[in-house]
Amino acid sequence: MQCNGDSLRNSLRHLWRASALLLVLGATGCATLPPNAGQDPRDPWEKVNRNVFAFNEGLDAAVLKPVAELYAKLPDGVRECFSNAFSNLRGPSTAINNALQGKPDEAVSDVGRFLVNTTFGLVGCFDPATDLGLERHREDFGQTLGVWGFGPGPFVVLPVLGPSSVRDAVGILAVEPFLDLNFYIDYPGVEYSILALRIVNERAELLPADRLISEAALDRYSFIRDGYLQRRRSLVYDGNPPREPETDDGDEAASQKPPAEPAITGPATTGPEQSQSTDPSAKLP
Amino acid sequence: MLLLRSLRAFLVSIAALASAGALAQAPDAAPDVLVRDLTTTVLETIKADKAIASGDVARVQKLVDEKILPYVDFQKMTQLAVGRGWRSATPEQRAALTREFRTLLVRTYSGALSQVKDHQVQMRPYRAQATDTDVLVRTSVVPSRGEAIQLDYRLEKQNSAWKIYDVNVLGVWLVENYKTQFASEISAGGVDGLIKSLTERNRALDTSKKA
């Protein structure tokens, strides 16, 4: 494994070019737009987003989902091995991000986890680290920016890659590639095969959620967007976000109630993440 | 203003007393104990019942009806999700909204339950004062292999019994996730428009299940 800056820059350039093309294709598509599209302060680019979303859904139905369904037929043990190994490739990124977020204990545990699983776990296929009490964490640079006080910014649907926010897109496109071991595999054939398999594996893990979302959502786009934004906020606070201030709860006595106190305390951030969430108009366009 | 507030408080306490008398008193279990027992019972039942594992929807529905629904306040859930529109809704509209939202959620939840296999519930640290009437109970649902699923609950104390009024799956609060959708349905077609959308969705799911 060795870093090859040129090929990395090249693949990034290709990614950008492909994204721009897809963005244009997506934007000229024909997704049905609700009359209030773009009025939600969290989603000013809703019109473009909905088109890219429709494009992604089409691509998914035509290519990714059928492949993932085939993949899901593999024995549980094989899929679990792949899943573990791919998660292991993200180990260094998780460790670095935990360090950047000021969580040295977690970072050390992540390094230990990576070493144990890479060696005794046979390149991450097995997960002996969890049995040793080294818990699996999930950190990326988008979360790190959140911990540093950056709010998510506008919601954005990336072509192919799916729902994101400006903050998280910076992480995914500009920083994460350099922290991901996949990009340091110096044989393009191997590098891209693993990347493709990872995407299929990830999609296969989401298959059970498909039915749930199509049953539960009145508006699929809005359901996925709101779920994404909530989930990411929760991840920034490692699962314990402070309670969002009550918006209009429909109670007659709403104005007479004292403001809801956060039931639990997260890291004390006073950055945009916090100030944005206290905007009472944020949820009621 | 102050007078109005105390009058309100007075009326509310009368109403509370009246309904407390009418309802059978549930045992005054702590909310975290309630959630633990509830989830454990459900998971154990699923494990023991082969029909549920093989996807028998009626059986799952029965389990949900008997074990879970008595501890859920669907009206509060619906009110929170509907938000501003709730105030202008008539009692009939409120009843219809609650009924349809409940049908939708029970069905979705039942679908998710039938995918549960050998999961176990783990309680996460619980912090609340004895005097609290609105609490957060945090749990993890852990499969025998693979990653734990964060599952949290918000409960409110009503006449000494605790009722669940919101659920969080993997960091996503259920009520919050419906707010925007409901608001835009209401702004497009009023409260009746939202009732219609929910009813149609439930009916579509009904027919697709029979087909």
Hey, with R₀ at 51 Å, roughly what FRET efficiency would residue A:80 and residue A:251 work out to, going by the Cβ-Cβ distance, to 0.05?
-> 0.60
Cα gyration tensor, chain B - rounded (a/c under 1.5), prolate or oblate = oblate
Quick tally, 1.4 Å probe accessible area for A:115, B:205, A:100, sorted with the most first, runs A:115, A:100, B:205
If amide H atoms are modeled at 1.01 Å from N in the peptide plane, then the residues at a separation of 5 or more from residue B:72, or on another chain, having amide H under 5 Å from its own are B:164
Going by the alpha-carbon gyration tensor, a ≥ b ≥ c the square roots of its eigenvalues, is segment A:111-190 rounded (a/c under 1.5) or, if a/c is not under 1.5, prolate (a/b greater than b/c) versus oblate?
-> oblate
For segment A:93-235, what is the largest minus smallest coordinate of the Cα atoms on each principal axis, given in angstrom and ordered from greatest to least?
-> 47, 35, 32
If the viscosity is 1.567 mPa s and the temperature 4 °C, what translational diffusion coefficient in µm²/s does Stokes-Einstein give for segment A:158-240 when Rh comes from Kirkwood over Cα pairs?
-> 86 µm²/s
If R0 = 30 Å, then residue A:69 and residue A:166, at their Cβ-Cβ distance, give a FRET efficiency to the nearest 0.05 of 0.35
Quick one: Cα centre-to-centre distance for segment A:134-184 and segment B:66-110, in angstrom?
-> 36 Å
Evaluate the charge dipole of segment B:83-211 about its Cα centre and quote only its size in Debye, nearest 20, assuming +1 on the Cβ of each Lys and Arg and -1 on the Cβ of each Asp and Glu.
-> 200 debye
Say the dipole of segment A:147-202 comes from +1 at the beta carbon of Lys and Arg and -1 at that of Asp and Glu; which of A:173, A:157, A:195 then lies farthest toward its positive end?
-> A:157
Keeping all protein chains in position, work out how much accessible area residue A:236 exposes to a 1.4 Å probe, and write it in Å² to the nearest 10.
-> 10 Å²
Any idea what diffusion coefficient segment B:115-171 gets from Stokes-Einstein, in µm²/s, Kirkwood Rh on alpha carbon pairs, 25 °C, 0.890 mPa s?
-> 196 µm²/s
Which of B:62/B:179; A:73/B:62; A:65/B:196; A:65/B:50; A:65/B:62; B:67/B:157 exceed 22 Å between C-alpha atoms? The answer is B:62/B:179; A:73/B:62; A:65/B:196; A:65/B:50; A:65/B:62
So residue B:30 and residue B:170, fully extended at 0.36 nm per residue minus their Cα-Cα distance, gain in nm 48.0 nm
Distance in nm between pseudo-label sites at residue B:40 and residue B:67 (7 Å out along the Cβ direction from Cα) = 1.3 nm
DSSP loop (so not H, G, I, E, B), at most 16 other Cβ within 10 Å: list which trypsin sites (Lys or Arg not before Pro) in segment A:79-163 pass both filters.
-> A:138
Which order do B:179, B:47, B:196 take when ranked by solvent-accessible area (1.4 Å probe, heavy atoms of all protein chains), largest first?
-> B:196, B:47, B:179
Going by accessible area, probe 1.4 Å, with all protein chains left in place, what is the ranking of B:173, B:86, A:148, largest first?
-> A:148, B:173, B:86
Expected integer from the mean partner chain Cβ neighbour count at 10 Å over A:40-46 is 1
At a probe size of 1.4 Å, how large is the accessible area of residue A:118, to the nearest 10 Å²?
-> 50 Å²
About the Cα centre, charge dipole magnitude for segment A:40-97 (Lys/Arg +1, Asp/Glu -1 at Cβ), debye = 120 debye
With every protein chain in place, what's the accessible area of residue A:82 (1.4 Å probe, Å², nearest 10)?
-> 60 Å²
For segment B:86-211, what does the alpha-carbon gyration tensor say about shape, rounded, prolate or oblate, given a ≥ b ≥ c as the root eigenvalues, a/c under 1.5 as rounded, and a/b over b/c as prolate?
-> oblate
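The values are calculated or read from the model by the stated rules, or taken from the named source; none is laboratory data. For clarity, every value in this text was computed on a predicted model and none was experimentally measured. Cβ coordinates were reconstructed from backbone atoms using ideal geometry, including for glycine residues, and neighbour counts include every protein chain displayed. Remember, those area values only see protein heavy atoms, side chains included, never the ligands or the DNA or RNA. Shrake-Rupley method; radii C 1.70, N 1.55, O 1.52, S 1.80 Å.
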